[in-house]
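*Asks:* Before I ask anything, let me first share the structure, which is written out below as structure tokens.
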Amino acid sequence: MTAMREGTTPSATVVRMSLMFRIQHALLMVTLLVLALTGFALMYHENWLGRTLIRLEGGFLYRGFLHRAAASLLMGQLLFHAFYMLLTREGKKELGEFFLRRQDFSDFLQSIRYNLGVAAEYPRFGKYGYKEKFQYWGATLGIFLISVTGVLLWAETFSMRFFPKLVLDVTLIIHGYQGLLAFVILLFWHVYNEHLHPSVFPMNNAWLTGRVEAEWLRLEHPLEYEKLKREGVL
Amino acid sequence: MKRIRTLLFLPLALAATFLLPETASAADAGAAACMECHGDKSIEKSLPGGGTLSLYVDMKAYRESVHGKGACTTCHSDAKAPHDKLEKVSCGKCHPDSEKSYSQSTHGKGHAKGAREAAYCSDCHGKHDIRKSGDASSRTFRLNIVGVCLRCHKDRAIEEKYGLPGQQVMEAYEQSVHGMALKKSGLLGTAVCSDCHGNHAILPGDQPRSATHRQNIPNLCGKCHSGILEQYEGSVHGKGMRGGIAESPVCTDCHGEHRITKITDPTSPVFAKNVPKTCSACHEKEGISSRYALPKKRFSTYMDSFHGIALEYGMTKAANCASCHGFHDILPSADPASRVNKANLPRTCGQCHPNAGPNFAKGPMHVEVTPQKAMGVFAVRVFYTIFISVLVTLFVLHVGLEFFGRRRRKRMEEGGKG
């Protein structure tokens, strides 16, 4: 890390994820992992990947049980998260930080221009930059879409009454590809930003300790750093 | 001379049959003379190829046989004591119909050509101890027939010499539903060799006159499975077969021949899990689907469906081909009586999915993902494929750009400091 330069003491840390969010994050990680493993087992049923996964999951019947159990947990969590963000003090504050603004788009363009060597200044991010916001809203929308399609497929006795098979065929294909999309984004975007990015390599520990170093914040999220300074937290 | 003797013999033999009470005592007297030698258990002759042949006759067994009231000379007409080698006994003298059909059979023709192993009358019926086929101790009693046929047909030397079906075929019968009914349950109603292959007139299945030739199979099985035959006759396969389409499946194409087992047996070709493969043996053949204008890719589209995947992984309650299309009564979807006719789909799907009404049955059941057949699924798939590819490309570009950007920031920071 590029600590030990100026200003703060190197050991100064600041809370980035409260316990409540760390629990939600850990649950999300487990459920998404189980859902991916049990979902791809079905999606790739005809080759070695599917066969191996289905065997590991205790056969076709248990694959289904596992998938639906994890899905129930995930959907419960989605609901809980929505209420938490809309109704609690901490949630409302975080939601405010996550709001998409015009500034995020210009930050994105500026970072590209800077990386290309055209702009002189790298954008200065608040608590969450465009990378974090893209991750958060992408995941939320994705989980919403995959939950709706998943419920339609799960409750097939109900769905068949209202939808032609044609619609359910499309529902199935959306569900599968949405899962693939979520997996690809997690793999590329999240793993890059939170593990492989030089500023956090090998891992941003905030999901475990809840804290980040103030120096890291100063370099990667300067607006948040300054705000905390003004508020006297730092 | 020989022929004249034969001609003279015929009325005598007939008289012997009809005047049994009177001739019995005379016959006894005659037999006693024969038994002076043939009643001796040690009497034998040496064979030209080495070995010996016992010439002992079990008089008791003969008396209990169906011919037991006759005289030795009824069959051995040239016998007088003492005698040299006698002429071969001709059963056809009294059983002309049997002899006629035997002579046209594969056994009869082989025997006439001098094939030593080809079954002759006595090989199946016995010699002095012949009993009626209804008699449980008869060789040709229903429960004993398989054993009689297998005496030769399980002999590897004979099989190899004449290119006959191998041992595994015979063993398959013993394990089959018919074989088990015979062996385990002792059911008289089960199918034994002769029920399908015939008795005197056995011919190989590739000859049109054979009972087991393709075109004769439905009627053959229908002898016992009459209700099924009726359903089959009305089906597209049955009509095709009657219309002279040799490719149209008959019973054995789906059920197998000697190895027919119950549909609950996992090795049966009509066991739920094996049905898709059995049907595709014909329906995935390029020639057959184009000759009869059948829809293609039925197998792959099924195997990719929920039903197909579930079945593949052993959930046998998942619908297979027969669950929707029927089996003995399969009809094309255009036929109003077909289970997969648009009008009947709600009832067919409803067997398992009670809410799948007419609204559900809209659209294709086998989803072939092409713009013409399933635009919705096709469009979603294309959209996601492009979307995911574009995203991944952008991610990689972004990561690459950031690499350069960070080097620049680092240099600037170090430069600014220094």
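*Asks:* What is the spin-label model distance, in nm, from B:MET180 to B:LYS373 if the labels are put 7 Å beyond Cα along the C-beta direction?
*Replies:* For B:MET180 paired with B:LYS373, the spin-label model returns 3.8 nm.
*Asks:* Starting from the Cα of B:LYS184, draw a straight line to each of the aspartates and glutamates and keep only those under 12 Å, dropping any in the same chain fewer than 8 residues away.
*Replies:* Excluding near neighbours in sequence, the set is B:GLU174.
*Asks:* Can I ask one more? Using the Cα centre as the reference, give the magnitude of the dipole from point charges on the C-beta atoms of the stretch B:346-418 (Lys, Arg: +1; Asp, Glu: -1; all else neutral), rounded to the nearest 20 debye.
*Replies:* That gives a dipole near 360 debye.
*Asks:* For chain A, set up a Gaussian network in which alpha carbons nearer than 10 Å are linked by springs, and say which option among A:ALA182, A:ALA155, A:ALA82 fluctuates the most.
*Replies:* Most flexible of the set in this elastic network: A:ALA155.
*Asks:* Oh, and also: What does the C-alpha gyration tensor say about the overall shape of the stretch B:300-382? Classify as rounded when a/c is under 1.5, otherwise prolate if a/b is larger than b/c, or oblate.
*Replies:* Values: a/c = 1.69, a/b = 1.22, b/c = 1.39.
Oblate, since a/c reaches 1.5 and b/c is not below a/b.
*Asks:* Name the residues of the stretch A:155-181 whose amide N is less than 13 Å from a point 7 angstrom out from the Cα of B:ALA343 along the C-beta direction?
*Replies:* Under 13 Å, as judged by backbone N against the label point of B:ALA343, lies no residue of the stretch A:155-181.
*Asks:* Test of understanding: in a Gaussian network model of chain B with alpha carbons linked when under 10 Å, which of B:SER185, B:SER280, B:SER65 would top the mean-square fluctuation ranking?
*Replies:* It is B:SER185.
*Asks:* Straight-line reach only, C-alpha to C-alpha below 20 angstrom: list the aspartates and glutamates that B:LYS342 could link to, leaving out same-chain residues fewer than 8 apart.
*Replies:* A:ASP169, B:ASP329, B:GLU368
*Asks:* Shifting gears a bit: Using a 7 Å offset from Cα along Cα-Cβ at B:ARG116, what residues in the stretch B:38-62 end up with backbone N under 16 Å from the label point?
*Replies:* Inside the label zone: B:46-54.
*Asks:* With charges set only on the Cβ (+1 for Lys and Arg, -1 for Asp and Glu), what does the dipole of the stretch B:87-220 come to about its Cα centre, in debye to the nearest 20?
*Replies:* In total the dipole reaches around 160 debye.
*Asks:* Anything over 31 Å Cα to Cα? Flag those among B:LYS113/B:LYS154; B:LYS80/B:LYS127; B:LYS296/B:LYS317; B:LYS223/B:LYS297; B:LYS154/B:LYS297, in the order listed.
*Replies:* From the list (B:LYS113/B:LYS154; B:LYS80/B:LYS127; B:LYS296/B:LYS317; B:LYS223/B:LYS297; B:LYS154/B:LYS297), the Cα-Cα distance tops 31 Å for B:LYS223/B:LYS297; B:LYS154/B:LYS297.
*Asks:* Say a paramagnetic label sat at a point 7 Å from the Cα of A:TYR136, along Cα to Cβ; which residues of the stretch A:93-114 have their backbone N under 19 Å from it?
*Replies:* A:93-109
*Asks:* If R0 is 56 Å, what FRET efficiency do you get for B:LYS239 and B:VAL390 from their C-beta distance, rounded to 0.05?
*Replies:* With a Förster radius of 56 Å, E is 0.55.
*Asks:* Next question. Using the Cα gyration tensor of chain A, with a ≥ b ≥ c the square roots of its eigenvalues, what is the shape: rounded (a/c below 1.5), prolate (a/b larger than b/c) or oblate (neither)?
*Replies:* Here chain A falls in the prolate category.
*Asks:* Quick one: if the Förster radius is 25 Å, what FRET efficiency do A:THR88 and A:MET203 give, using the C-beta to C-beta distance and rounding to 0.05?
*Replies:* My answer for the efficiency is 0.35.
*Asks:* Report the Cα centroid-to-centroid distance between the stretch B:60-98 and the stretch B:337-377 in angstrom, as an integer.
*Replies:* Each part's Cα centre sits 72 Å from the other's.
*Asks:* Return the lysines within reach of A:LYS227: Cα separation strictly under 17 angstrom, same-chain partners fewer than 8 residues apart disregarded; answer none if there are no such residues.
*Replies:* A:LYS93, A:LYS127
*Asks:* With an 8 Å cut-off on Cα pairs and a minimum separation of 6 or more residues, tell me the relative contact order of the stretch A:153-234 in percent.
*Replies:* Result for the stretch A:153-234 is 11 percent.
*Asks:* Can you tell me, using C-alpha contacts under 8 Å and at least 6 residues apart, the relative contact order of chain B as a whole percent? Write down the numbers at each step before the final one.
*Replies:* Values: 424 pairs, mean separation 29.0, N = 418.
In percent, rounded to a whole number, it is 7.
*Asks:* How far is it, in nm, from the label point at A:MET29 to the one at A:ARG161 when both lie 7 Å from their Cα along the line to the Cβ?
*Replies:* Here the answer is 4.2 nm between the modelled labels.
*Asks:* Another one. What residues qualify as long-range amide H neighbours of B:GLU44, i.e. H under 5 Å apart, gap of 5 or more or another chain, H built at 1.01 Å from N?
*Replies:* B:LEU55
*Asks:* Given the Cα-Cα distance of A:GLU97 and A:PHE65 and 0.36 nm per residue of separation, how much length would full extension add, in nm?
*Replies:* Taking A:GLU97 through A:PHE65 to full extension adds about 7.8 nm, to one decimal.
*Asks:* Next question. Could you pull out the pairs from B:LYS161/B:LYS277; B:LYS239/B:LYS262; B:LYS60/B:LYS183 whose alpha carbons sit more than 32 Å apart here?
*Replies:* Violating the 32 Å Cα-Cα cut-off are B:LYS161/B:LYS277.
*Asks:* Using the alpha-carbon centroid of each, what span in Å lies between the stretch A:93-146 and the stretch B:138-158?
*Replies:* Going from one Cα centre to the other spans 85 Å.
*Asks:* Would you mind classifying the stretch B:325-364 by shape? Square roots of the alpha carbon gyration tensor eigenvalues, ordered a ≥ b ≥ c; an a/c under 1.5 is rounded, otherwise it is prolate if a/b is larger than b/c and oblate if not.
*Replies:* The shape class here is oblate.
*Asks:* How much FRET efficiency would the formula 1/(1 + (r/R0)^6) give for B:SER90 and B:CYS224, where r is the Cβ-Cβ distance and R0 is 35 Å, rounded to 0.05?
*Replies:* Values: r = 35 Å, r/R0 = 1.00.
Once rounded, the FRET efficiency stands at 0.50.
Only the coordinates and a few stated rules stand behind these numbers; no lab work does. Keep in mind it's a predicted model, so treat the numbers as computed, not measured. Positions of Cβ are generated from backbone atoms using ideal geometry, with glycine treated the same way; all protein chains shown enter the neighbour counts.
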